[in-house]
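Have a look at the structure below before the remarks.
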Amino acid sequence: MVENRPWLNVLTHLLLILGIIVVIFPIYIALVTSTHEAEDILTTVQPWFGSEMLENYGTVLQKGKVNASGIPVGMMMWNSLIMALGIVFGKITISILSAFAIVYFRFPLRKLCFWTIFLTLMLPVEVRILPTYAVVANLGLLNSYAGLTLPLIASATATFLFRQFFMTVPEELAEAARVDGAGPMKFFFDILLPLSRTNLAALFVILFIYGWNQYLWPLIITTDESMTTIVMGIQRMLYVADAIPEWNITMATAILAMLPPLLVVIVMQRQFVKGLVETEK
Amino acid sequence: MEKRCTFNNMWLPYFLVAPQIIITFIFFLWPASQALYQSFLIEDAFGLSSEFVWFENFEELFSDPLYLDSFYTTVIFSVSTTFLSLSLSLLFAVMADRVIKGEMAYKSILLWPYAVAPAVAGVLWMFMFNPGNGILALTLQSLGYEWNHVLRGGQAMMLVIIAAAWKQISYNFIFFLAGLQSIPKSMLEASAIDGAGPVKRFWTIVFPLISPTTFFLIVVNVVYAFFETFGIIHAVTQGGPYKSTEILVYKVYNDGFVGLDLGGSSAQSVILMIIVVLLTVFQFRYIERRVQY
């Protein structure tokens with residue numbers, strides 16, 4: 001604080017409170033809506049919580065939205081969880097191994113491998129969507145967890161993060177390991193992996209959110225409704241010609257869809273910020 | 001920068017990079033080359049035969065008013081999203097940087113939107129603007145402004161821009177705050193002693209000093225608006241009404257999966273790839289400079 005200006009302090013807090021309202025208000029409205037009966041929110045806005053919370057969430061988790069496919073949202077969440085964790089562990093495993101190879105070995109095709117990995121930065125799913133779909137279909141991976149996760153787990157950012165970190169690990173550690181007769185894999189598991197703990201946690205948070213929030217990819221490769229993930233499941237609930245638009249059910253699903261990643265962000269806030277900032281280097 | 005101390009092993013390094021390289025080939029490079037190849041082909045109506053036509057698909061795209069419209073829509077959408085999100089986050093970051101009491105509470109809540117999927121963010125805002133029972137739509141109505149994004153293109157565009165910008169607030173906030181906190185306090189104190197007020201200090205010292213962060217965030221936000229907002233468009237407007245919110249990524253999906261125009265969709269993919277490559281190269285050249293900075 002450079003100088004003391006009371007009116008400025010008041011303004012600062014007012015603006016920040018405005019920021020909080022902008023952030024929380026949409027979530028609050030969704031939460032409130034999810035606790036009412038469908039009829040109560042047809043033409044009016046409900047400002048405060050209703051009494052149907054348990055009822056609505058019970059219905060959603062076990063039965064879903066009956067006239068929009070009726071897949072239980074509990075099942076969708078299970079699919080999302082498997083996809084998110086598959087992406088997290090797959091991505092971390094393959095990128096930490098390749099970063100280890102690129103940093104700690106000299107081999108003829110090293111540069112080529114590095115640039116091949118670098119290229120993936122330039123090919124987000126959205127731009128190669130049709131041919132990737134064709135590949136997955138030819139491999140018979142449609143409607144499978146492998147099809148949901150494998151095409152998304154190659155990532156240059158995670159590899160670069162580990163590479164960056166390995167470069168800062170003191171040379172003496174590898175030298176000492178070699179003098180003591182430890183092979184590369186022993187060095188990797190006993191020294192490098194424990195040292196990477198904070199990076200692993202940061203990546204876990206970022207990748208979990210990334211995996212859970214996938215939309216386009218599950219949308220095109222899952223035709224079997226039992227493989228629906230929750231984020232795409234909401235979309236299917238929106239365009240149903242029902243007698244009474246069940247916004248309470250849709251909003252309960254929206255709340256359930258944002259709950260796991262939100263909890264991760266709240267509980268692991270430090271790692272989350274670290275992960276965000278580091279993966280951009 | 002290279003390690004001095006490395007391990008010697010003929011096969012192990014290949015074994016270690018293999019999983020990533022194999023996946024990159026199968027799911028990235030091969031499909032990308034397929035897209036490139038198909039963008040030069042035209043299939044007959046039954047998909048039985050195809051003909052190599054060089055750049056005909058591209059010529060057709062650029063003479064197609066619908067595609068050019070989509071380009072224009074994308075530019076409007078990404079520029080507005082970037083501007084709205086960056087200005088709000090900068091405002092909040094400057095305030096959070098000033099505040100002494102309760103900063104943690106403000107900060108943690110401002111991080112929330114990052115956790116919300118674009119499609120879900122879209123649904124939240126869509127509900128609030130739902131004509132008939134959305135709180136914001138009803139408020140606007142009582143103020144005499146008729147809101148119906150289902151029928152009006154401009155309002156649909158506003159809705160998706162607001163949802164997209166809202167979701168991106170957290171990300172921009174974190175980077176702006178980090179940038180602000182790295183500004184030396186002595187500089188601000190010196191200018192305060194010379195009589196510069198808070199507003200003048202912001203525009204003459206703070207804003208120029210965080211310009212590297214701002215440029216970096218502009219690129220990231222444009223990439224986000226171009227590619228990651230598919231969920232918002234698909235869930236909220238489906239590109240409508242009358243294609244008024246059909247951004248390029250949505251059009252690739254729509255022409256490819258719904259319209260089944262393989263050549264045209266691939267040509268669009270190739271154009272998008274070129275845009276990503278340009279943006280990535282731009283970002284990396286820029287980041288190199290930031291490291292030296």
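The values are calculated or read from the model by the stated rules, or taken from the named source; none is laboratory data. Worth saying up front: this structure is predicted, and the values here are computed from it rather than measured. All Cβ positions, even for glycine, are placed from backbone atoms using ideal geometry, and neighbour counts span all protein chains on display.
Some points to look at:
- Which numbered condition B:E246 fails, given (1) assigned to a helix (DSSP H, G or I); (2) touching a residue at least 40 places away in the same chain (Cβ under 8 Å); (3) more than 9 Å from every other protein chain (Cβ to nearest Cβ): (1)
- Across segment A:167-199, the number of residues qualifying as surrounded by 18 or more Cβ atoms within 10 Å (Cβ to Cβ) and not small (G, A, S) comes to 5.
- Pairs, first more than 10 Å from every other protein chain (Cβ to nearest Cβ) and without any contact (Cβ under 8 Å) to a residue 24 or more places away in the chain in segment A:160-187, second in a helix (DSSP H, G or I) and of a type in the set (G, A, S), C-beta under 8 Å, six or more apart: A:K186/A:A177
- Residues satisfying the stated conditions in segment B:110-151, i.e. surrounded by fewer than 17 Cβ atoms within 10 Å (Cβ to Cβ) and either within 8 Å of chain A (Cβ to nearest Cβ) or farther than 18 Å from A:T44 by Cα (or both): B:G132, B:V150, B:L151
- Residue check, A:N4 modelled with pLDDT under 85, in a loop (DSSP other than H, G, I, E, B) and either surrounded by fewer than 19 Cβ atoms within 10 Å (Cβ to Cβ) or not charged (D, E, K, R) (or both): yes
- Checklist (1) surrounded by fewer than 16 Cβ atoms within 10 Å (Cβ to Cβ); (2) within 10 Å of chain B (Cβ to nearest Cβ); (3) more than 19 Å from A:I255 (Cβ to Cβ) applied to A:T12, failing item: (1)
- Residue in segment B:142-165 that is of a type in the set (S, T, N, Q), out of contact with any Asp or Glu (no Cβ under 8 Å at 6 or more places or on another chain), assigned to a helix (DSSP H, G or I) and closer than 27 Å to A:W7 by Cα present: no
- Some residue of segment B:196-208 being in contact (Cβ under 8 Å) with a residue 40 or more places away in the chain and farther than 28 Å from B:I271 by Cα: yes
- Residues of segment A:95-128 satisfying the condition of being of a type outside the set (V, I, T), touching a residue at least 60 places away in the same chain (Cβ under 8 Å) and within 7 Å of another protein chain (Cβ to nearest Cβ): A:S95, A:S98, A:F100, A:Y104, A:F105, A:E126
- Residue check for A:I82: away from chain B (no Cβ under 12 Å) and β-branched (V, I, T): yes
- Taking segment A:87-179 as the region of interest, none of the helices (runs of 4 or more DSSP H) fully inside it holds 3 or more residues being touching a His at 6+ places or on another chain (Cβ under 8 Å).
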